1. To one decimal place, what Kirkwood hydrodynamic radius in Å is obtained for the range 241-327 from all pairs of distinct Cα atoms?
2. What angle do you read, to the nearest 10 degrees and between 0 and 90, between the alpha-carbon axis of helix 249-258 and the longest principal axis of the chain?
3. Taking amide hydrogens as modeled 1.01 Å from N in the peptide plane, which residues meet the under 5 Å criterion relative to residue 225, leaving out close sequence neighbours?
4. Could you report the accessible area of residue 206 in Å², rounded to 10, computed with a 1.4 Å probe on the protein chains as they sit in the structure?
5. For the chain, what is the accessible area per residue in Å², given a 1.4 Å probe and the full set of protein chains?
6. Below 8 Å between Cα atoms, with a sequence gap of 6+, how large is the relative contact order for the range 241-327 in percent?
7. Take the Cα atoms of the range 34-168, build their convex hull, and give its volume per residue in Å³.
8. Under a 5 Å amide H to amide H cut-off, with H placed in plane at 1.01 Å, what residues pair with residue 92 once short-range neighbours are removed?
Amino acid sequence: MPTSKRGEGRPSPTAVSAVGLRKSYGEKTVLGGIDLCIPAGSVFALLGPNGAGKTTAVKILSTLITADAGDLHVGGHDLAADPQAVRAAIGVTGQFSAVDGLITGEENMLLMANLHHLPKQEGRRAAAELLERFDLVEAAKKPASSYSGGMKRRLDLAMTLVGDPRIIFLDEPTTGLDPRSRHTMWGIIRSLVADGVTVFLTTQYLEEADELADRIAVLHDGKIAAEGTAEELKRLVPGGHIRLRFTDPATYRSAAEALREVTREDEALSLSIPTDGSQRELCSILDRLDSAGIEAEELTVHTPDLDDVFFALTSPANIPDQSEETVR
Ligand code: ADP
């Protein structure tokens, strides 16, 4: 569920904007001219499979590498003209983690405070506060190399927050984490947003985008294939259906004949019937089965989710051509 608290009435200023962002590596176009507009105080998720160009986008917007083209602004600063000002406004954590495994969590934090030129005492205070907030007090005196994946991510994020950035880039913040650590990370991200921080996150996980993001952009083939709220994206695909599973092939065949507009999965002995999810439609399907004396082994109602959207947008070749299988 979206968690940001945007100002009522007035539109928020833009935290990140990109117009015509392009990047190629040799012959390979990674970002083929994408546009992004992220209001301050919101969570934006750039969603895409491995290799889609998510990290490239984050690296460009956080000044680590340069774009080939594009009008790019972060925190109100022009990325090309004033990358220093952008750097001062943002925090970045992700696959290119800043955590040094040879020193302790606390030393990592103090190093960060030094880099931000915080006076010694203030640095110690900030480090202690953040270690507490991220549940790292017990581990603070141990070398970071001994931390679990979840702890390293938390330390990485804590280090980013030393400079109190108002815009944070999180590159795949939960990739490789177990479900518990993932939920902890989600809680942390929500608390940042509650503090008014803008979060730009990349993820391969639809559930993560659905849980956290106000707006989601699906990156595919170097382009934004679709952009909107999770609900808007779900409306793009018709995925709602009722699925009936049978164990007896003869009953399966009779059901396929009794029902109109079904998609057959002969091997699985399953039938899918498109539906708007209403009780009326469900009753009418059950009535038809009843009057034909057919009983399904299992009935499930499937409402469209981000998975449907994602697969529809990113792999049209994978969507089976259902026209031939549809019995009318
Ligand atoms: P994602 O973060 O979505 O997994 P990346 O942005 O890391 O994707 O990579 C996108 C594409 O760009 C991949 O095909 C990757 O191999 C390529 N790529 C990334 N960095 C470089 C580089 N420095 N040189 C050449 N190709 C690169």
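The values are calculated or read from the model by the stated rules, or taken from the named source; none is laboratory data. Everything numeric in this text was worked out from a predicted model, so none of it was measured. Ligands, DNA and RNA are stripped out before the accessible areas are found, and what is left, the full protein with its side chains, is counted by its heavy atoms. Shrake-Rupley method; radii C 1.70, N 1.55, O 1.52, S 1.80 Å.
1. Working: mean 1/r = 0.0730 Å⁻¹.
Evaluated on the range 241-327, it is 13.7 Å.
2. 90
3. 218, 219, 220
4. Roughly 20 Å² of residue 206 is accessible to a 1.4 Å probe.
5. Details: 17030 Å² over 328 residues.
On a per-residue basis, the chain sits at 52 Å².
6. Working: 103 pairs, mean separation 35.0, N = 87.
Averaging sequence separation for qualifying contacts and normalising by length gives 40 percent for the range 241-327.
7. Numbers: hull volume 17.1 nm³, N = 135.
Taking the convex hull of the Cα positions in the range 34-168, it is 127 Å³ per residue.
8. 169
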